[in-house]
Amino acid sequence: MMEFDTYKAVYCGLCKQLGKAYGPFARMTLSYDFAFLSLLTLGVKDRCPAFQWERCAANPLKHKSCLSACDESLFAASAAMIMLYYKLLDNYRDSGFWGKLRSLFLLPWASRARKKAKKRYPEMERIIGEEMAKQQSAETDPNITPDRAAEPSARALAEITTLIPATENERRVLYRIGYLLGRWVYLTDALDDMAEDYRHRRFNPYLVKYDLSRQGKELPDLTQAKEDAVGAIRLTVGELGNTYELLDLKRYKPILDNIIYLGLPNTLAQILAGKTKQQREKEDTLEEN
Amino acid sequence: MTDPYKILGVSQNATDEEIQNAYRELAKKYHPDNYADSPLADVANQKMQELNDAFDRVMNERRLSGISSAEKQPQPTVGGQAEQVGEPSANFSRETNGFEDIRRLIQTNRLVEAEELLDGIPQNGRDAEWYFLKGSVYFSRGWLDDALNHFNTACRLNPNNPEYRAALNRMMWQRQGHMGGNPNQPYRVPQHTGGCSACDVCQGLICADCCCECMGGDLISCC
């Protein structure tokens, strides 16, 4: 149970860091991926990370154990801000009128956050910017395959992880972990959003692969496309596990084990059980209340 | 020098049997067969070497100080010589077709050059080994779908080659949802094949709580 307290504390610490470095709205972007990235970077660090008791931003009546602001949490928070900016840009391009309006509302703030992050980590910003530009052009390629479509997101995360101070071997292992995690996120989103992408005529590598461009109002049979996506996701997470085992973790192996061997497959199971992102988020909000 | 007990993951008071079990589990994990096509095969090989050294040291120390009750010293079951292990197909007899140089490029992670050479070979020269090596390039790069397709073709063109078959089987096994390094279920099928213990229920709940919390909720408030 202690490990999960630590996981929560890292998560809380990241939330604090986001708010401290990038303003209160940044906290709302807190995500699973970057909490995991934080844990990974802290796991390979030589010195023990420090924790402190702080008031929770979301619930000021609660005091929580929080990871103290450190290089690693600032690193993860900055990566999150840069990725968010490019994701919003992407959403703006792909959306209809209301979607564009929503993205426009958030973009000025996200752009400021990204500029701040760029000052702190110029190399990271350059890498992500380049890969997101490649993502754009990949999506216009009629011969795109899921492997190639996932590549920019995968490489962005891979390159980010190599910025973490580590030995040469650790860096190689971290690169591959980052690559496979980025790939996992991309493919999982592609599976999760397949039906919606069809309805809104948005790019989806599996819709391209199975030649499923929108013909009418009826949703076509996506079974084969979805099975293909599931296979690719399982392959990715299997290889991620294999690669992760080569890491010399100084701490947090039990939590990271749980995330990789239980958490990631569980997310896939939830999607297959038909729970949409909105449903999963709704259930979580109801639990909180 | 790193504590060999720490490498094996056992306490200094562990019995010989516990040490041998710990060795076996770790050896299964770092076994070169698991990393045959991986760009990190050399890292896995180093870990295997470290493990073998740690095991030797512990058992020798115990024998010399009379702690060990074993009459015969158990030998490490997996050889860790650098020149044999850590290469693709170290354990198989290779049928080569002048692709030695391409293999060496892949082993040293010079994927761009390897791919250029492979692409330079005309269609009529693309045999099973060509597909296997192209698949290995894709695998190293992380293009796992393409890797699987190429390994499939390699096996189709040469069904008797154990190296291609092993690579394909490994990927097919992973594609079904198995995760080799899982410390909770080492190398067994972690399916929900009926029956779950209190541990499974607890583990599942903890995991659900963890995932829930990272989305902003809290399934179990006390943990």
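What follows is calculated from the coordinates using simple rules that are stated; it is not laboratory data. Since the model is a prediction, treat every value here as computed from it, not as a measurement. For neighbour counting, all protein chains shown are included, and Cβ atoms are generated from backbone atoms with ideal geometry for every residue, glycine included.
Overview of results
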item	result
Net length gained if the chain between residue A:171 and residue A:126 were fully extended (0.36 nm per residue, minus Cα distance)	14.3 nm
Residue-averaged 222 nm ellipticity for chain A, from DSSP H runs of 4+ at -39500 (n - 2.57), nearest 500	-23000 deg cm²/dmol
Among A:101, A:232, A:212 - extreme Cα towards positive end, dipole of segment A:99-239, charges at beta-carbon	A:101
Exercise: per-residue mean of other protein chain Cβ atoms within 10 Å, A:149-161	1
Net dipole in debye of segment A:162-255 [+1 Lys, Arg Cβ; -1 Asp, Glu Cβ; about Cα centre; nearest 20]	260 debye
Two-site label geometry, residue B:60 and residue A:143: point separation in nm, points 7 Å out along Cα→Cβ	5.7 nm
Top of A:95, A:78, A:38 by mean-square fluctuation, Gaussian network on chain A, Cα under 10 Å	A:95
Charged-residue dipole, Cβ positions (Lys, Arg, Asp, Glu), chain A about Cα centre, Debye nearest 20	1220 debye
Residue (of A:152, A:198, A:128) at the positive-pole extreme of segment A:105-204, dipole from beta-carbon charges	A:128
Rel. contact order, % - alpha carbon contacts under 8 angstrom, at least six apart, chain A	16 percent
Under 5 Å, built H, 5+ apart or other chain: amide partners of residue A:66	A:52, A:53, A:54
For segment A:112-254, alpha-carbon Rg over 2.2 N^0.38 Å	1.20
Where labels lie 7 Å past Cα in the beta-carbon direction, separation of residue A:91 and residue A:71 in nm	3.3 nm
Label-point separation in nm, residue A:119 to residue B:109, each point 7 Å along Cα→Cβ	3.5 nm
For chain A, built as a Gaussian network whose Cα springs stay under 10 Å, the top-fluctuating residue of A:76, A:158, A:232	A:232
Residue-averaged beta-carbon neighbours from other chains (10 angstrom radius) around A:253-263	4
Choice from A:60, A:122, A:108 showing the highest fluctuation, given a GNM over chain A with Cα pairs closer than 10 Å	A:60
Peptide B:31-43, shielding by other chains (average Cβ, 10 Å cutoff)	3
Whichever lysines have a C-alpha closer than 25 Å to that of residue A:118, once near sequence neighbours (fewer than 8 apart) are set aside	A:16, A:20, A:45, A:87, A:100, A:134
Sorted peptide list for A:239-249, B:170-180, A:96-106, criterion being average Cβ within 10 angstrom, highest first	A:239-249, B:170-180, A:96-106
